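In what follows, a structure is listed as C-alpha cells, so that the remarks can point back to it.
The values are calculated or read from the model by the stated rules, or taken from the named source; none is laboratory data. Everything quoted here is computed from the prediction, not taken from an experiment. Here the Cβ is made from the backbone with ideal geometry for all residues, glycine too, and neighbour counts use every protein chain on show. Only protein heavy atoms, including side chains, enter the accessible area calculation; ligands, DNA and RNA are left aside. Shrake-Rupley method; radii C 1.70, N 1.55, O 1.52, S 1.80 Å.
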Amino acid sequence: MTVVVPARKVHVDAVATLLEEMDKFYGETKIEPLDVRVRHINEALFGDPPLAYAVLAWNEDVLVGLATYSFLWPAVGLTRSLYLKELYVTEAARTRGVGRLLMNHLVEVAVAHSCSRIEWTTDRNNAGAQRFYEGLGVAQNGHKIFYRIEGQSLEPQSGA
C-alpha cells in the first residue's frame, strides 16, 4: 500500500536518490555528488524559512514518488496559490495510482492553506505527463506563456 506523507529530515537521503533518478529521466548527465544534493535538499526543504515543501509517496519502505511545491501570492485577488514545481514517480511505480495519490494530497494541502488554485507546467514534449494530467480531468491553460532566465543571464546587467 502506498502512503503519502510530508517530507522530513530523515527522508533526505531517499529524496536525493529519487531526485538523481528524476534528473537522469530528464536527460541530465552532470549529477552532483550525494553530499551536495543532501545539502541543497536540507537548505530548500528544512531551512529557515523553507524555500519549498515536498510530499513523498512510500510503498512500504521504498520512496516511489514525490511532489515539490511552494506557495505564491497574490493569486486571484489577494488569495494564494499552490505551485507544483515537480511531480515525479519512479518508472516501476508509474500507472499504479501514485501520481494521483500525490495530486490528491496536494489538493488537501491547498485547501488547508486556503489556496484558490493549484498551478504547474510540463514540458511540451512530455506526452506522458500531459496524458496523466488529462486523465485527472485537468485541461491545459493556454492563457499563459512561460519564461525563464537562467545561467549567466542571472548576473546583473549593466545599464547602457
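In the chain the longest region clear of GluC sites (Glu not before Pro) that are loop-assigned by DSSP and have at most 15 other C-beta atoms within 10 Å covers 61-149.
Any idea what % of Cα-Cα pairs in the chain are farther than 29 Å? Value for the chain: 22 percent of Cα pairs lie more than 29 Å apart. Residues whose amide H falls under 5 Å from that of Arg80, counting only those 5 or more places apart or on a different chain, are Ala75, Ser116, with hydrogens built in the peptide plane.
Across every direction, the projection of the convex hull enclosing the Cα atoms of the stretch 70-160 has a mean area of 8.8 nm².
Counting only heavy atoms of the protein chains and using a 1.4 Å probe, Lys85 has close to 120 Å² of accessible surface. Solvent exposure of the chain, expressed per residue, is 70 Å² of accessible area, with all protein chains present and a 1.4 angstrom probe.
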